[in-house]
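Undergrad: Quick one: the structure is below, questions incoming.
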Amino acid sequence: MSAVNEMNRDAMTIRLEGPLPPYPVFVEGIRRAPDRGWTLNRAETEQALRNALRYVPEEHHEELIPEFLEELRTRGRIYAYRFRPEGRIKGHPVDEYRGKCLAGKAFQVMIDNNLDFETALYPYELVTYGETGQVCQNWLQYRLIMKYLEELTEETTLVLSSGHPVGLFKSRPEAPRAILTNGLLVGLFDNPADWHRGMQLGVTNYGQMTAGGWMYIGPQGIVHGTFNSILNAARQRLNVGDKGNLAGVLFVSSGLGGMSGAQPKAVEIAGGVGIVAEVDYSRIETRHSQGWVSKVSDSREEVFRLAEEACNARTPLSIAYHGNIVDLLEYAADHDIAIPLLSDQTSCHDPYGGGYCPQGLTFEQRTEMLSKNPEKFRRKVDQSLKAHYEVIKRLVDGGTYFFDYGNSFMRAVYDAGVPEICRNGENTYDGFIWPSYVEDIMGPVLFDYGYGPFRWVCLSGKSEDLRKTDQAAMACIDPDRRSQDYDNWVWIRDAEKNALVVGTQARILYQDAEGRTKIALKFNDMVRRGEIGPVMLGRDHHDVSGTDSPYRETANIKDGSNICADMATLCFAGNAARGMSLCALHNGGGVGIGKSINGGFGLLLDGTERTDDIIKSAMMWDVLGGVARRAWACNSNSMEVSREMNKKYPGDYHISLPYGANDESVKNAVDAMFD
Ligand SMILES: NC(=O)c1ccc[n+]([C@@H]2O[C@H](COP(=O)([O-])OP(=O)(O)OC[C@H]3O[C@@H](n4cnc5c(N)ncnc54)[C@H](O)[C@@H]3O)[C@@H](O)[C@H]2O)c1
């Protein structure tokens, strides 16, 4: 061993050590990530090897070098499979973990839940959802993170950079216990190609949102948002009334993956009928066996017939169509089948990396072509996206309401060479010809008021704790305040009945700033009284303040500031300052590298008064920072909430509000200047 290596080893008490674990046996039937493509040159390949070996004692290097090189060559990155613990990983009750503080044990529950065979998309590759969203880069990091969490104390903070545990640093009990970032790149290099190089080198990670932020709660996390989106789409476009549901309405979309798999469940809960196309049969099987989709067929004639029957009977039904979404839509357009609500949830944030299966290829052919001929695959994706665009145009002309469901679909169509999808016919500055769900629905109806995807995990793993929290949360909501409150109240009332739990005992519930604060204080009190075990509170990054993403979360910000990433960054900093237990900031979540900055938090409810204090300041900030930004962009619902906050909490909250200009005066003056 070299002298430096010996000194470094002796200087670390938290490190990987011992004999090499045996190479794992891969369990049959567990989905595996496609080859991500090895493109490094000779020097870079050497660097990638050196980078991975940094985690391992020198005596094992000779044995690992060929193994790691083979992973890089055949999988496009080094996962260090050998270091994955054998068998199924799952989020166990918090008491079963080792640690020196509750937060350290609680984070281990959250991480393991993100890697569970039941919840994760490609568990062996540490991908939780969204095709490429990883908990961390490789199993060496996983092992080391878990060791660090066992040593974490109330006096230290664990710092992670794209999955790499930088170390434990002295802080104080009121500080966050973990601060992490994923995929942040310097502006000049903030693009998919440079990220791909960095990913192979083992220096950056795509954490999506809650994958790398350790706050994934299975597909339930997105069901509530999907339920809200389609319900409000129908209320806006199909005159189903303020409290009306989707009875007799057909919704068509694609994808039964990590997030998209929530669509059929959400449609049924909303009382409607849904057809969701999926090319990968294994994902259909997963959702079907979980009871998240009711019927399966590979016949287009059959799926539309079943849907028509259910619509006529006004009975909820969800159907998985095994095949390509473009084929499904072309059939509908050719046969004049009406589709009132239409969307798409293929992984278009990364269409060329395998997220979008082109028309004409089966899922298996797609995987092969992606690995053997990526250039041809790219051309096929572009052709398919063009056809996809054309058929949606035909359907929209016939009365369909299409909305982009936050997967960068319209951006992908533009990148495929269709500038007509842009409102100005040239570039994306003025947005696209069809609305994103945030522009029309989620932005004005939910985010601008502060409603967002608040969630919690009962760390005891007990279903009775979840039941008690459901009931307590429901008691905190006044269903008569706004229609949004009514929907949220109905949601939590029926949550248990709808069997939404996959993985840990967790719940999602859209709430605004005050609602989240009230519920959090209530839960902390229940922990204090011993009525329930400890709880991890959190939220999706896809929220009011958490994400700057011009094609998605901030699509309804129209003052030009939607190219800025200040809000998400400030939200992260503010949460850290107020002592949230875990603070995360990521690049690209949801829409792909360079297209968003997003952050999230975790707050451990341990029943202490200190946690009450954190809740009182941090929960309101986490929402109101975004409401303030939306108000400054002149979004009327946010201005309403901000005025209310300024009046209700003098001395505690004061939000700057804009003076609107007279449009005509502005227009006339500018016309005169340009004429
Ligand atoms: N709207 C939101 O709130 C939200 C939230 C999270 C993620 N997203 C985005 O939604 C997308 C989907 O997320 P996910 O986690 O479900 O990803 P995923 O990769 O797990 O699932 C996408 C599914 O689409 C299928 N698919 C791909 N091309 C197809 C085609 N042409 N026809 C039929 N099926 C096809 C894939 O086989 C896959 O199962 C991502 O881009 C993600 O970033 C949106």
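The values are calculated or read from the model by the stated rules, or taken from the named source; none is laboratory data. In this text, all values refer to a predicted model and were calculated from it rather than measured experimentally. Glycine gets a Cβ as well: all are built from the backbone with ideal geometry, and neighbour counts include every protein chain shown.
Undergrad: Only residues in segment 392-416 that are free of Cβ contacts under 8 Å to residues at least 24 places away in the same chain count as the first member; pair them with residues that are in a loop (DSSP other than H, G, I, E, B) and within 13 Å of the ligand (Cβ to nearest atom), Cβ under 7 angstrom, at least 6 apart or cross-chain, and list the lot.
TA: If the second residue must be in a loop (DSSP other than H, G, I, E, B) and within 13 Å of the ligand (Cβ to nearest atom), no pairs are left.
Undergrad: I'd like the full set of residues that are free of Cβ contacts under 8 Å to residues at least 60 places away in the same chain and in contact with a Pro (Cβ under 9 Å, 6 or more places away or on another chain), limited to segment 247-271.
TA: Step one: of segment 247-271, the residues free of Cβ contacts under 8 Å to residues at least 60 places away in the same chain are 261-262, 264, 266-268, 270-271.
Result: G261, A262, V267, E268, A270, G271.
Undergrad: When you scan segment 599-610, do you find a residue that is of a type in the set (F, W, Y) and modelled with pLDDT under 95, even just one? Step through it out loud before you land on a result.
TA: Step one: of segment 599-610, the residues of a type in the set (F, W, Y) are 601.
Right, trim to modelled with pLDDT under 95 and you get none.
No, segment 599-610 has no match at all.
Undergrad: I would also like to ask the following. Given segment 217-308, what helices (runs of 4 or more DSSP H) lie entirely inside it while holding 2 or more residues that are out of contact with any helix residue (DSSP H, G or I) (no Cβ under 8 Å at 6 or more places or on another chain) and closer than 21 Å to D487 by Cα?
TA: 220-237
Undergrad: Could you pull out the residue among G258, G167 that is more than 23 Å from the chain's Cα centre (by Cα) and either within 17 Å of Y405 (Cβ to Cβ) or modelled with pLDDT of 95 or more (or both)?
TA: Just one listed residue meets the conditions, G167.
Undergrad: Which of the residues belonging to segment 251-261 are aliphatic (A, V, I, L, M) and either more than 8 Å from the ligand (Cβ to nearest atom) or more than 18 Å from N228 (Cβ to Cβ) (or both)? Walk me through how you get there before you give the answer.
TA: First pass over segment 251-261, keeping only residues aliphatic (A, V, I, L, M): 252, 256, 259.
Residues satisfying the conditions are V252, L256.
Undergrad: Now for a separate question. Looking at segment 80-94, is at least one residue outside any helix (DSSP H, G or I), under 30 Å from R378 (Cβ atoms) and out of contact with any Leu (no Cβ under 7 Å at 6 or more places or on another chain)?
TA: no
Undergrad: Sort through S318, S384 and tell me the only one that's in contact with a helix residue (DSSP H, G or I) (Cβ under 8 Å, 6 or more places away or on another chain) and away from the ligand (no atom under 14 Å from the Cβ).
TA: On the way: S384 fails: away from the ligand (no atom under 14 Å from the Cβ).
Just one listed residue meets the conditions, S318.
Undergrad: Considering only segment 34-50, I want to know if a residue exists there that is crowded, with 17+ Cβ neighbours inside 10 Å, in contact with a strand residue (DSSP E or B) (Cβ under 8 Å, 6 or more places away or on another chain) and assigned to a loop (DSSP other than H, G, I, E, B).
TA: No; the residues of segment 34-50 include none that is crowded, with 17+ Cβ neighbours inside 10 Å, in contact with a strand residue (DSSP E or B) (Cβ under 8 Å, 6 or more places away or on another chain) and assigned to a loop (DSSP other than H, G, I, E, B).
Undergrad: Based on what the data block shows, is T362 over 25 Å from the mean Cα position of the chain (by Cα), within 16 Å of the ligand (Cβ to nearest atom) and either small (G, A, S) or more than 30 Å from F227 (Cβ to Cβ) (or both)?
TA: yes
Undergrad: Same structure again: If a residue counts only when it is aromatic (F, W, Y), which helices (runs of 4 or more DSSP H) contained entirely in segment 439-544 have at least 1 such residues?
TA: Counting at least 1 such residues, we get 483-494, 513-528.
Undergrad: Within 14 Å of the ligand (Cβ to nearest atom), hydroxyl-bearing (S, T, Y) and at pLDDT below 95: is that true of T226 in this structure?
TA: yes
Undergrad: For the condition hydrophobic (A, V, I, L, M, F, W, C), away from the ligand (no atom under 16 Å from the Cβ) and under 30 Å from V396 (Cβ atoms), what is the one hit in L238, L180?
TA: L238
Undergrad: Next question. Go through G76, G91, G87 for me and flag whichever is farther than 12 Å from N138 by Cβ and at pLDDT below 95.
TA: None of the other options fit; the residue is G87.
Undergrad: Also, quick follow-up: Give me the residue from segment 568-594 that is in contact with a Gly (Cβ under 6 Å, 6 or more places away or on another chain) and more than 27 Å from V535 (Cα to Cα) and, out of that set, nearest to the ligand (Cβ to nearest atom).
TA: Here the answer is G588.
Undergrad: So, in segment 335-349, of the ones that are more than 7 Å from the ligand (Cβ to nearest atom) and part of a loop (DSSP other than H, G, I, E, B), which residue ends up surrounded by the fewest Cβ atoms within 10 Å (Cβ to Cβ)?
TA: Start the filter on segment 335-349 by keeping residues that are more than 7 Å from the ligand (Cβ to nearest atom), which leaves 335-344.
From the residues that got through so far, the ones that are part of a loop (DSSP other than H, G, I, E, B) too are 335-340, 343-344.
Values: H335: 10, D336: 7, I337: 18, A338: 12, I339: 24, P340: 19, S343: 27, D344: 27.
Ranking the candidates gives D336 first.
Undergrad: Let me ask another. If you go through segment 42-63, how many residues are under 16 Å from Y81 (Cα atoms), over 32 Å from the mean Cα position of the chain (by Cα) and touching a residue at least 12 places away in the same chain (Cβ under 8 Å)?
TA: 2
Undergrad: Being under 20 Å from V240 (Cβ atoms) and away from the ligand (no atom under 12 Å from the Cβ) is the filter; apply it to segment 271-308 and report the residue that is surrounded by the fewest Cβ atoms within 10 Å (Cβ to Cβ).
TA: This residue is E308.
Undergrad: Taking interchain pairs and intrachain pairs at least six residues apart, which have beta carbon atoms under 7 angstrom, with the first residue in segment 354-370 and in contact (Cβ under 8 Å) with a residue 12 or more places away in the chain and over 12 Å from K380 (Cα atoms) and the second near the ligand (Cβ under 7 Å from one of its atoms) and polar (S, T, N, Q)?
TA: Pairs that qualify, where the first residue is in contact (Cβ under 8 Å) with a residue 12 or more places away in the chain and over 12 Å from K380 (Cα atoms) and the partner is near the ligand (Cβ under 7 Å from one of its atoms) and polar (S, T, N, Q), are G355/T346; G355/S347.
Undergrad: Here's something else I'd like to know. With G272, G291, G255 as the choices, which residue is of a type outside the set (D, E, K, R) and touching an Asp or Glu at 6+ places or on another chain (Cβ under 9 Å)?
TA: One residue alone meets the criteria, G255.
Undergrad: Now for a separate question. For segment 534-558, name all the residues that are closer than 12 Å to G602 by Cβ and of a type in the set (A, V, I, L, M, F, W, C).
TA: Result: V535, M536, L537.
Undergrad: Sticking with this one: Restricting to helices (runs of 4 or more DSSP H) lying wholly in segment 545-661: which have 3 or more residues that are touching a residue at least 12 places away in the same chain (Cβ under 8 Å) and under 30 Å from D415 (Cα atoms)?
TA: It comes to 566-578, 620-632.
Undergrad: Additional query: Among the numbered conditions (1) touching a helix residue (DSSP H, G or I) at 6+ places or on another chain (Cβ under 6 Å); (2) more than 29 Å from Y401 (Cβ to Cβ); (3) within 14 Å of the ligand (Cβ to nearest atom); (4) at pLDDT 95 or above, tell me where R378 comes up short.
TA: Result: R378 passes all but (3).
Undergrad: Restricting the search to segment 3-20, which residues are part of a loop (DSSP other than H, G, I, E, B) and closer than 24 Å to V203 by Cα?
TA: Hits for segment 3-20 are A11, M12, T13, I14, R15, L16, E17, L20.
Undergrad: Could you tell me which residue of segment 391-429 is nearest to P351 (Cα to Cα), considering only residues that are surrounded by 14 or more Cβ atoms within 10 Å (Cβ to Cβ) and hydroxyl-bearing (S, T, Y)?
TA: Step by step, filter segment 391-429, then rank; the result is S408.
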